[in-house]
Structures are given as C-alpha cells and as structure tokens.
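Undergrad: Got a structure for you, written out below as structure tokens; questions coming shortly.
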Amino acid sequence: MLSIKNLSVHYGGIHALRGISLDVPAGKIVTLVGANGAGKSTTLNSIMGLVKAGGGSVCWNGEEILGSPTKAIVESGIVLVPEGRRIFPNLTVDENLSLGAYARTNKDEVEADRERVFGLFPRLKERHKQKAGTFSGGEQQMLAVGRALMSKPKVLMMDEPSLGLAPLFVGMIFDIIRQINAAGVTVLLVEQNAKAALEVADTGYVMETGTIIFSGNGKDLLVDDRVRKAYLGEA
Amino acid sequence: MNTLQKKPMSRDAMLTLGAAVIGLVLLFVFDSTFDRFTMQIFKLCAINIILALSLNLINGFTGLFSLGHAGFMAVGAYTCALLAMTPDQKATNFVLQPIAPWLLDLHLPFLPALLVSGLIAGFIGWFLGVVALRLRDDYLAIATLGFSEIIRVVLTNTQSITNGSLGLKGIPRYTTMWWAWGSAVVITLFLVLLIKSSYGRAFKSIRDNEIAAESMGVDVFGMKVLSFTISSFLAGIAGGLLAHYLTTIDPKQFIFLKTFDILLIVVLGGVGSITGSIVAAIVVTISMEALRFLDGPLNLGFMVTNGVPGLRMVFFSALLMVVVIFRQQGLMGTSEFSWDSLSRIGLLPKRGPKSGKGGE
Ligand SMILES: Nc1ncnc2c1ncn2[C@@H]1O[C@H](COP(=O)(O)OP(=O)(O)OP(=O)(O)O)[C@@H](O)[C@H]1O
Ligand SMILES: [Mg+2]
C-alpha cells in the first residue's frame, strides 16, 4: 500500500500541490485525472523523488520514502513511466531495457524479465537491436512501459501513457495496463483520457489546481454529473 | 544451429588476435625502419587518440559540452615532466628564480610519474566537475573554457614551480613508440569495456535523456562527475606522454585552441564513437603533417604565393564546416567497428582472417 498524505510542492512561487492525500492499495488500479496544469505529473514526480516536496509524507508499506534518492525508490519497487515517452533515442531497445533494470543486480532474473517483456511486446523483440529513436510514437510508448517493467515494479506509475496515440494503440495500452495489473502489479495511472482511465480503475481521484476535489470508485465517478460535465466533455 | 551460433564467436576472437599480432609486428617494423621524423608523427597519432577518446567520453558519450581539455593536458604535462626530470635537469631550467626546494628532489621513474599526472589531473577534474557540472550545457562550456585559461595563467605565474613562461626544456624523451601506442591500446580497451558496462550505459542514458535516466534510478550528477573525472585523468596521461614526446613545454602550448584541435578530431570521427575517434585521430594527425606545404610558399602554376602560415588550419576548419553541414554524425556517427560490419560490406569472406585490417 502506497499512502500519500498532505503532499505539498512549490516551484519557486507556484504552489503546485496544496497538500494532497491519496491511497493506492496493493493490487489495485488507481487513476488520477484532471485538467492541464492540475499537478498530476508533479504528484508522480515527487513520489519518485524527481521533484523535491515541500511537506507531507509518502508511505510505502509503512516506510517513509519522501526524500529518499530515486534509485532507492526504484529499488523498493516503485517505478515511473514518465510523461512524453522519454525513451533513450540513440540506444538500442536492448540497452533501453537494460537501463530499466539499472537498479537491479541479479543478471539471470533480469534476463528472464527481458523475455517476459518481449512476450508482452513482440514488436520489441523483433527489433531489439534497433535504435529506439527510429520507432513510431506508439512503439516508443510500449518501450517506455517495457523499460519500466524491467525494474520489476510492485507499483507502476504511468504519466499519460495514451497521449498522442492513435485509438488502436490507446486500446492496446489500456489492455496492457489490465494485463500488468492482473499479474499482480499495482498501477497508479495519470490520464487526460478520463473516460478510459476511470473505466479501468478501481479508484479515481480528480485533481484541480493542486488539490483533490473528488474521489471514489472509478465506475461511480464515471456517472457523477460534476465529473461528466467538467472532465468527460458531456453536458 | 548450435555450431552455427558458436562459429562467429571464435572467428571474431581469431581475427582480433590476428589483428593484434599484425599490429605488434607492424609497430616493430616501423620502429626499426622509419626515420625519426616519421616516427614522431606516428607517436603523435597515439597521443591524439588518447586525447580524442577522453574528450569523446565526456562530450560524446555523456553529452556534456566541455572545453577544458587543454587545461587537464597542461596539468598532466607539467606534473609528469617535473616528476620525471632529474634534479640536475630541473636546476638548469630554472634560471630566473630557483626551483622550489621540495620539488627539486622529487623524482620518480616515468610510469609512476605518468600515473601521478593522471591522478592529479583527475582530482582537479573531479573538483571542477563537482562545482561546474550543476551548470547546464552552454554554461558548462564557458566554465570549463575559463578553467583551462586559469590553469594556463597559473602555470605562467608560478615561476618557482613551473619556470613560468620560459617553460621546461630538456625533458627526457621517454615517450617511445611502445609507450605511446601501449598507452593508447590500454586506454582504448579500458574505454571499450567502460562503455559496454552499466556505467557506460548510464553515461549514454544521461546524454539521451536526463530526466528519463534519473527516473530509472541513475545518479545523474554522480555519473557526470565520474565521467568528467575519468576524462580528465586520461587527458592528464596524454599530457604526460606529450611532455616527454615534445621534450619542451611552455604554457602557450596549452591555450584553449588546443582543445579545439581535439574537438575537431572528435567531431570528424563521430561524436560518441570510439572507432571514429581513433580513425580521425590518425587521419588528422598525418594530414596535419602532409599538408604542411600549405603553410609555405605555393607554386600555383601561374603565380607563386608567399607562405601563409595557418593555411593548414583553414583547410581543417573548412573540412569541419563541410562535416557539420553535410554529415553531422561525422565519419562513424555513434557506430563502432566490428568484424561483422566488415563481412557485411563484403570485405571479410574474400580475404580470410589473417589479412584483416590491423588496429582496434
Ligand atoms: N519545473 C517546473 N517549474 C515551474 N513550474 C512548474 C514546473 N513543473 C510544473 N510546473 C507548474 O506546476 C503546475 C502543475 O504542473 P503539472 O505538470 O504537475 O500538471 P499536470 O497536471 O501534469 O498537467 P498536464 O495534464 O498538462 O500534464 C503547473 O501550473 C505548471 O506550470
Ligand atoms: Mg502532466
């Protein structure tokens, strides 16, 4: 269980997170939706230790991880697929995957996981020696997800994995998210595509300008009038 | 199937061994047949290989635009010369002001002196890295450029340690063919292993995407400092070899333009390619000598020009511009030499393993 309490982040004068709290129970899919600039990426980045938090706490299985170095957080089983497909364009698929396993030391286990990722994304296997920068947007997103899985995560955090993808790829990404979750990985999903995200999620949180304004069961939020008006583009 | 998979492995090993033997024989033959002048150029090739590789490690593989190489070379050159010269040799140099007494009697054989030069340059690199690597791209370039000029000013003004602008003369000619090429080969092997290791992957991931590297758990700042320190260490070694190759050094040799000479090699060869740096270092070093006639009076058929000193550099600058415009990735891009690439272009099967091209 990942439990965030009163997390607060400032960027210079901008108060990006105003003390938010959310729970990510083990084995579930939790989604965080909200408009542009609401603070979704900031939330994930500060859990990861990429952004320095001004206050609050992030408890992971009862241990405070706020302020730990990113490598320790990755080692403890939390990993982020960053926003905007941040793959390593001049490195091969294999090298990208190896970097996903950067914090791990057991080579045999890493190779077994590489095969597992190839099983999930056969296209990566076909082109494992190709430079990642030559991939299409959707393929790069798959590589980014595969790379995150190489760290053997217990919690997989994804920042807008469907951004800029064609509908076919969006469907594939959400299928993959379900599969990964079915294999026992907890998922914290940030999405612009609120409808698809709330459909797959057990719990949803809705963010606005640095605070959480609603939360609840994914299906309930989908039919909530306020949410429908503001985030699902329905009158 | 199994034998098929194993075959290229043993073939590559044989080819590499063959190339190493041929290289060794060639070195021996060259050493005993070529005149002194040709040998000097040949040695300079090896030193330039080390310089290009070390600059490529930081600029090409880690993606940090650093322009401080001349400074690290200078540190290495002075350290090595002052340690390896005998007290007598040192004393005759310091005519304006006597050498500091602690330094006069400090004397080491060549190898330890060379290693100490690398260590001191590496230590300064580490320190500069910790301070300057927090800066972003262009600021880092300016800071390292400034650092290399500061080193030069310090060398000019510490009369009792470096003999100031008079420089050091009569440095023993320890940099033989074997020292120069031996160091180049050892350093190349070291860098090949480093780049293939998880450290090398971390360097390249920082170059490609710092934020993604950080979220994978790469200690971005620590890795930058490590890469910068190793690069400075190697530049220090190259500086030491250079001092005992030239036998005369003074601060003016280490102006920032020296860094640009090395940068030229790195860019021509391919930013992020070890093979490219090696090939370009050899080609550029030899052409610098071969094109020396450009600096002298030229007979153009219809007229004879007066000597234009620096025309060679105009040629190389033009070449650099052509590369930057038409082939930004340089000779090799980020690719590396492999025996497979030779057979792919049809060179290998016809020739057989024994006549494979020498070199790395
Ligand atoms: N590095 C930064 N420096 C300054 N301000 C920042 C920085 N990163 C984000 N912000 C600001 O913090 C607020 C929250 O940004 P964040 O990226 O978390 O939003 P988001 O919910 O992920 O938006 P989007 O859906 O557009 O990705 C925004 O107002 C943004 O401008
Ligand atoms: Mg965002």
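The values are calculated or read from the model by the stated rules, or taken from the named source; none is laboratory data. Owing to the predicted nature of the structure, the values given are computational and were not obtained by experimental measurement. Positions of Cβ are generated from backbone atoms using ideal geometry, with glycine treated the same way; all protein chains shown enter the neighbour counts. When the accessible area is computed, the model is the full protein with side chains, heavy atoms only, and any ligands, DNA or RNA have been set aside. Shrake-Rupley method; radii C 1.70, N 1.55, O 1.52, S 1.80 Å.
Undergrad: Apply 1/(1 + (r/R0)^6) to the Cβ-Cβ distance of B:VAL130 and A:THR92, taking R0 = 41 Å, and write down the FRET efficiency to the nearest 0.05.
TA: 0.80
Undergrad: Can you give the relative contact order of chain B as a percent, counting alpha carbon pairs under 8 Å and 6+ residues apart?
TA: 30 percent
Undergrad: Here's a follow-up. Within a 10 angstrom radius of each residue's Cβ in B:216-225, how many Cβ atoms of other chains show up on average? Whole number is fine.
TA: 5
Undergrad: Oh, and also: Debye sum, Cα scatterers, segment A:23-105, no solvent: what log₁₀ I/I(0) at q = 0.20, 0.21, 0.22, 0.25 1/Å?
TA: -1.12, -1.19, -1.26, -1.38
Undergrad: Suppose we keep just the DSSP beta bridges with both residues in the protein assembly as shown; what percent of those would be antiparallel, to 5?
TA: The answer is about 55 percent antiparallel.
Undergrad: Can you tell me what the convex hull of the Cα atoms of segment A:161-235 projects to on average, as an area in nm²?
TA: Value for segment A:161-235: 5.4 nm².
Undergrad: Sticking with this one: Could you check the spin-label model distance between B:PHE65 and B:ASP105? Points 7 Å from the Cα along Cα→Cβ, value in nm.
TA: 5.0 nm
Undergrad: While we're on this one: If R0 is 22 Å, what FRET efficiency do you get for B:LEU24 and B:ARG173 from their C-beta distance, rounded to 0.05?
TA: Computed FRET efficiency for B:LEU24 and B:ARG173 comes out at 0.50.
Undergrad: What translational diffusion coefficient, to the nearest whole µm²/s, does chain B have by Stokes-Einstein, given a Kirkwood radius computed over alpha-carbon pairs, a temperature of 20 °C and 1.002 mPa s viscosity?
TA: The calculation lands on 98 µm²/s.
Undergrad: Then there is this: Suppose each label sits 7 Å from its Cα in the direction of the beta carbon; what would the A:ALA182-B:MET303 distance come out to in nanometres?
TA: So the label points at A:ALA182 and B:MET303 sit 8.3 nm apart.
Undergrad: How far apart, in nm, are two points set 7 Å out from the Cα along the Cα-to-Cβ line at A:ARG123 and at A:LYS5?
TA: According to this spin-label approximation, the distance is 4.4 nm.
Undergrad: Still on this structure, please answer the following. Could you tell me the ratio Rg/Rh of segment A:75-150? Both radii from Cα atoms, Rh via Kirkwood.
TA: 0.93
Undergrad: Can I ask one more? Quantify how much of the Cα-Cα distance distribution of segment A:1-44 extends past 16 Å, in percent.
TA: When all Cα pairs of segment A:1-44 are counted, 42 percent exceed 16 Å.
Undergrad: Would you kindly give the portion of the calculated P(r) for the protein assembly as shown that falls above 31 Å, as a percent of all Cα pairs?
TA: 59 percent
Undergrad: Tell me the volume per residue, in Å³, of the convex hull enclosing the alpha carbons of segment A:65-110.
TA: Enclosed volume per residue, from the Cα hull, is 92 Å³.
Undergrad: Taking the Cβ-Cβ separation of B:GLN40 and A:THR105 as r and a Förster radius of 41 Å, what is the calculated FRET efficiency to the nearest 0.05?
TA: Using R0 = 41 Å, I get an efficiency of 0.30.
Undergrad: Still on this model: Sort out for me the Cα centre separation of segment B:26-84 from segment A:202-219, rounded to whole Å.
TA: The distance from the Cα centre of segment B:26-84 to that of segment A:202-219 comes to 61 Å.
Undergrad: Could you give the radius of gyration (one decimal) and Dmax (whole number) of the Cα atoms in segment B:153-276, in Å?
TA: Final numbers for Rg and Dmax: 17.9, 54 Å.
Undergrad: For segment B:242-254, take each phi angle, set θ = phi - 60°, evaluate the Karplus expression 6.51 cos²θ - 1.76 cosθ + 1.60, and give the result in whole Hz per residue in order, putting x for glycine and proline.
TA: So the J values, rounded to whole Hz, are 5, 4, 7, 9, 6, 6, 9, 9, 8, x, 5, 5, 10.
Undergrad: Then there's this: Segment B:1-153: D in µm²/s via Stokes-Einstein (Kirkwood Rh, Cα pairs, 10 °C, 1.306 mPa s)?
TA: 82 µm²/s
Undergrad: For the protein assembly as shown, give the percent of accessible area contributed by carbon and sulfur heavy atoms, probe 1.4 Å, rounded to a whole number.
TA: 64 percent
Undergrad: Using a cut-off of 13 Å between beta-carbons, work out the net charge of the residues near B:THR247 (Lys and Arg +1, Asp and Glu -1, B:THR247 not included).
TA: So the environment of B:THR247 carries a net charge of +3.
Undergrad: If you average over every viewing direction, what projected area does the convex hull of the Cα atoms of segment A:100-235 give, in nm²?
TA: Taking a quarter of the hull surface, the average projection is 9.6 nm².
Undergrad: Then there is this: With a 1.4 Å probe and every protein chain left in place, work out the accessible area per residue of the protein assembly as shown in Å², rounded to a whole number.
TA: 46 Å²
Undergrad: Computed on protein heavy atoms with a 1.4 Å probe, what is the summed buried accessible area for the chain pair A and B, in Å² to the nearest 100?
TA: Rounded to the nearest hundred, the buried surface is 1700 Å².
Undergrad: Here is a further query. Across chain A, how large is the tail of the calculated P(r) beyond 29 Å, expressed as a percent of all Cα pairs?
TA: 26 percent
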